[in-house]
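Here the structure comes first, spelled out in structure tokens, and everything after it is commentary.
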There are 2 protein chains.
Amino acid sequence: MSGAADSVQRGRLLAVARGDAEPDLVVEGARVLSVFTREWLDGDVAMADGRIAGVGRYEGGERIDARGRFAVPGLIDAHVHIESSKLLPAEFARVVVARGTTAVVCDPHELANVLGADGAHWMLDASSGLPLRVYVMAPSCVPASALESPRGPLGADDIAGILRRDRALGVAEVMDFPSVIAGDPDVLAKIALHEHVDGHAPGVTGAALDAYAAAGIRSDHEATTWEEALEKRRRGIWVLLREASNAHNLVALLELVRRHGPEYCAFCTDDREPDMLVREGHIDAMCRQAVAEGIAPEDALVMATLHPARCHGLADLGAIAPGYRADLVVLDDLTSFRASVVIAGGRIAARDGVALPFAAPPVPDWVRATVHVAPLPPDAFDLGPAPGGRVRVIDIVEGQLITGAAEEEPAVRDGRVVADPERDLAKLAVVERHHATGRIGVGLVRGFGLRSGAFASTVAHDAHNIVVAGVDDASMAACVERLVGLGGGVAVAAGGAVRGELALPVAGLLSEEPAEAVVERLDELVALLREQGVEGQAPFMTLSFLALSVIPDLKLTDRGLVDVTAARVVPLAV
Amino acid sequence: MSGAADSVQRGRLLAVARGDAEPDLVVEGARVLSVFTREWLDGDVAMADGRIAGVGRYEGGERIDARGRFAVPGLIDAHVHIESSKLLPAEFARVVVARGTTAVVCDPHELANVLGADGAHWMLDASSGLPLRVYVMAPSCVPASALESPRGPLGADDIAGILRRDRALGVAEVMDFPSVIAGDPDVLAKIALHEHVDGHAPGVTGAALDAYAAAGIRSDHEATTWEEALEKRRRGIWVLLREASNAHNLVALLELVRRHGPEYCAFCTDDREPDMLVREGHIDAMCRQAVAEGIAPEDALVMATLHPARCHGLADLGAIAPGYRADLVVLDDLTSFRASVVIAGGRIAARDGVALPFAAPPVPDWVRATVHVAPLPPDAFDLGPAPGGRVRVIDIVEGQLITGAAEEEPAVRDGRVVADPERDLAKLAVVERHHATGRIGVGLVRGFGLRSGAFASTVAHDAHNIVVAGVDDASMAACVERLVGLGGGVAVAAGGAVRGELALPVAGLLSEEPAEAVVERLDELVALLREQGVEGQAPFMTLSFLALSVIPDLKLTDRGLVDVTAARVVPLAV
């Protein structure tokens, strides 16, 4: 808050608080959550000039009858990659605002991997003026590691440039945890760019975690057990409890809340596919799930409102209290967490689960046409000669981002290692797509259940090269070629021919269609994959994370198989 | 944290955390408090380069055997006027560091009332390089109100200048709560100077409190009942539980902690006379008292460590966790809270209740010689002709800063209103002492028990004019004249002659003597006052607050009697 104009606005807000002026908007008769005491207060909520004036009795203004219902602060996602929704930021906003979310803290590192620092700047531009407050953390790890290939690296100067923008809060998840722990000066210099730095330290505990925390990192969303989360919280690291499309950590982590209370815990979704957003919801779904697991609604709600705000230093968000931003939700009950009215910045933003229309910023041309691939040679996906011993296999862990590193006797045909659908061993390839270098990494993956054909995506964390899994090379090639033609997207092929596709023209990551259309198309593609044998909840998201070189144990990039813990490329042969 | 040098230091800290380098200092074998979970962890605490590396097992470094004892973060005072100790900042540090306090957030508004903005700058200079971290809030209310007369007013530019300094955290307690609530643009402009603004709203509740909070004020240390404190906390206002020499609020406020937990609660001392600091202690005494009242030691300790840090946005204070400042205390037990070792910035600062020697900054000449009083006329303390009806009387409330506004039939002699020791009605006068204007306010006070003579002080909140209470005019004059001669201080007189005195040459507020000598001298003065009938715990502090025009109900300044709630000067006659 600063400046004379703001002082004048404050003067009116104070007059409304005193009862000397009429509010703009009043929510009448709800039970109102005080996040500071976890009590329910009886009173009307008065708003003026986009802020809360108070909870009491007020005359005048636009009135919303909320008797018998519950007024809570607008929900906040403590850590999300909007790009995982495959939606434009405005469309993402439309979907989640309808669910009661009024603010998110996003890390636009998918866009930054494809578009460079401009991608992060565009996220800020594309989320300007929305009913959803979109805060940005400046991507710290582009590339995620030296073992994968985005369009180009983001340097300290790029990060500093993003940090100068309004709505930029700090340095985003420092995923290269081995370099942090080792004290790599370049990584420490990035961390030193801002006081507020998010973390990402899957499975890191003990002395290594001490080193990670000592670097100044104060949040983490990668804990998969409550014991790991407890170790982090003891060190003053905010535990961001995650429930993503393929990282269902909430239930396991709630034990931390049961044992030690909700302090230093906040909800986040990290990566949600559009179907999960449309069908299950967003932070509202996490509240619903937590309460179903026996957590007190008030504890769930502070983890969904005040705590994400506090974690990120957002001093006037996350509470229904005088002077706070007038972001609030009227809930029908404390089991479904259904949002019947959503107010953002003192204006009604959604009613009965439907967002009110708002103007979305136009999409500039330069964010499209980002897929540049060299012509595929006939042996593009060849796994090489049989090694005479075992080969490494990426083992999918259902519902998790981590993978196993298995060793198996390979299937061999004509002296070459090949896919073996009988043992659920599919080929996996990552094709560099930013600079048409022709670089392709190949390996084997187990756990999809793919019996025929292939499927591919230009969404492939974090470098977003083309990732393709398949049991026949012709179908793999057909997928990749179609994605090049589409300028990015998702495709399914069998018998060497494409059976279905979804275009993601913006950076090869985002559709320009409404969420419902994207979900319908993805459902069709998943149905095709089911016909081809694929099991598992979110096969496209699972596929897209197989290329992420910073989540253990074994991954594949355009540089080859990556032993994440050892932080090096390893050959297929053991 | 920023800069290449810091990155190098961090690199070493991380190496110590990993176990790859030797720590500077290790506290061995204590039970270590995690303030984030309120658990006691078993492990050594390793420190390097002034920060915590971790809690675990470490080789090498200087070792402190703490087996069987408790390691907790250094104690933090969330709000204190160091000047109330009557000690130089370095001497204050010596006293409180010995008690386990390693950081305070101070408001140097006493100095600012006497020395202007330079007084606040000098507090920062005078507290540089101490084992105590002294953070400064920029005084917002000099004068406290238009009804009292400091050396000069502090404007927004003065405040902004203080805010530019290192260790300046925000805008100090906005005591002029009526102007805030009314939306006075000048006050709102001061609040708008910084995001972090401390409050002071005694007895303010309901819609008025909504307006005060809506202005952006997020702390308060003036609640006297737990219900008032609860109202504040519900609005997101940090409740700073105060235990001062003449405002013993802790016991009453702990009920809030019992009912709603310690969140959004922190300890503060506000104003402590030197005898209270030396005999009872500082924040350690509040922990002791809280635990004696049945509060869990872990809850008391978070209110004494993490919470004050969080309230003030001190991101790396208040915890024993990797990367935090190495400020910690080894306690013998969790009942006495006796600090056997105090570590500040990774160095031993005190052992067994005695601070280790350190260099104190020299005192510049310009902070002395601040008492300028016009010659007293013979009728300086005349209360005027008998009004023919009742007169206003300030009623002291023992142990509180608030006063009552009574109405009594006056004692009359020779047609003039006079003191009446039989009914405990003493004269009270406030003599302007910054510009020798000759302005004197006079009134009546009840509650000291003074039977003869007078006592006076140049410590007289907040303008620090000379305040004198007496039952004979000659003794009152003798006191005032001696204080002028001393360049400030405290004096007791009887029969028109001074019986005892304490010089406070620095700004008329601070001694340059050691704490123990100051206490001894004040004890002697209190003993003299006891001979003259005075009762009550801290008569000089009580006297000094009778001039503070912003704490209800009735006060006296050089401008006359002040009806605080009405914010105006009122005559003696009803």
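The values are calculated or read from the model by the stated rules, or taken from the named source; none is laboratory data. As the structure is a prediction and not an experimental result, all values here were calculated from the model. FYI the Cβ positions are ideal-geometry reconstructions off the backbone, even for glycines, and counts take in every protein chain you see.
Being assigned to a strand (DSSP E or B) and more than 14 Å from chain A (Cβ to nearest Cβ) is true for just one of B:A46, B:A78. Which residue is that?
The match here is B:A78.
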Every residue in the stretch A:49-75 that is of a type in the set (D, E, K, R) and part of a strand (DSSP E or B), please.
A:R51, A:E62, A:R63, A:D65
Any residue that is in contact with a helix residue (DSSP H, G or I) (Cβ under 8 Å, 6 or more places away or on another chain) and of a type in the set (G, A, S) - is there at least one of those in the stretch B:516-523?
no
Looking at this structure, is B:S85 within 14 Å of chain A (Cβ to nearest Cβ), out of contact with any Ser or Thr (no Cβ under 7 Å at 6 or more places or on another chain) and either surrounded by 24 or more Cβ atoms within 10 Å (Cβ to Cβ) or not aliphatic (A, V, I, L, M) (or both)?
no
In the stretch B:556-568, residue nearest to B:V442 (Cα to Cα) [restricted to those that are in contact with a Leu (Cβ under 6 Å, 6 or more places away or on another chain) and not polar (S, T, N, Q)]
B:L556
At least 1 residues that are of a type in the set (S, T, N, Q) and either more than 14 Å from every other protein chain (Cβ to nearest Cβ) or buried (at least 20 other Cβ atoms within 10 Å of the Cβ) (or both) in each: list the helices (runs of 4 or more DSSP H) lying fully within the stretch B:258-314 that qualify.
B:283-292
With the condition kept exactly as written, say whether any residue in the stretch A:362-371 is closer than 30 Å to A:H282 by Cβ, modelled with pLDDT under 95, buried (at least 18 other Cβ atoms within 10 Å of the Cβ) and not aromatic (F, W, Y).
no
Selection from the stretch A:373-406 of residues charged (D, E, K, R) and assigned to a loop (DSSP other than H, G, I, E, B) yields A:D379, A:D382, A:R390, A:E398
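Go over the candidates A:I52, A:I76, A:I64 one by one and state the one that is under 30 Å from A:W122 (Cα atoms) and crowded, with 20+ Cβ neighbours inside 10 Å.
A:I76
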Of the residues in the stretch B:217-246 that are part of a strand (DSSP E or B) and of a type in the set (D, E), the one that is surrounded by the fewest Cβ atoms within 10 Å (Cβ to Cβ) is B:E243
Quick one: in the stretch A:170-190, which of the residues that are of a type in the set (A, V, I, L, M, F, W, C) and closer than 16 Å to A:P153 by Cβ is nearest to the chain's Cα centre (by Cα)?
A:A172
All-but-one check, A:R10 against (1) at pLDDT below 95; (2) of a type in the set (K, R); (3) under 30 Å from A:S511 (Cα atoms), failing number (3)
Look at A:E535 and say whether it is under 24 Å from the mean Cα position of the chain (by Cα) and assigned to a loop (DSSP other than H, G, I, E, B).
yes
For a quick check of your reading of the model, give me the residue pairs whose first member lies in the stretch A:222-238 and is more than 14 Å from chain B (Cβ to nearest Cβ), whose second is surrounded by fewer than 24 Cβ atoms within 10 Å (Cβ to Cβ) and in a loop (DSSP other than H, G, I, E, B), with beta-carbon atoms closer than 6 Å and at least 6 apart or on different chains.
A:E222/A:P202
All-but-one check, A:V397 against (1) closer than 19 Å to A:S452 by Cβ; (2) of a type in the set (V, I, T); (3) in contact with a Ser or Thr (Cβ under 8 Å, 6 or more places away or on another chain); (4) without any contact (Cβ under 8 Å) to a residue 60 or more places away in the chain, failing number (1)
Considering only the stretch B:302-311, I want to know if a residue exists there that is at pLDDT 95 or above, of a type in the set (K, R) and within 27 Å of B:H196 (Cα to Cα).
yes
Condition check for B:A93: within 14 Å of another protein chain (Cβ to nearest Cβ) and either buried (at least 23 other Cβ atoms within 10 Å of the Cβ) or not β-branched (V, I, T) (or both):
no
If you check every pair at least six apart or on different chains, which have Cβ atoms under 9 Å apart with a residue in the stretch B:16-35 that is within 10 Å of chain A (Cβ to nearest Cβ) and part of a loop (DSSP other than H, G, I, E, B) first and a residue that is crowded, with 20+ Cβ neighbours inside 10 Å and of a type in the set (S, T, N, Q) second?
B:V35/B:T305
Subset of the stretch A:407-443 [surrounded by fewer than 18 Cβ atoms within 10 Å (Cβ to Cβ) and assigned to a strand (DSSP E or B)]
A:E407, A:E408, A:V412, A:R413, A:R416
In the stretch A:116-149, what residues are hydroxyl-bearing (S, T, Y) and more than 24 Å from A:V95 (Cα to Cα)?
A:S140, A:S145, A:S149
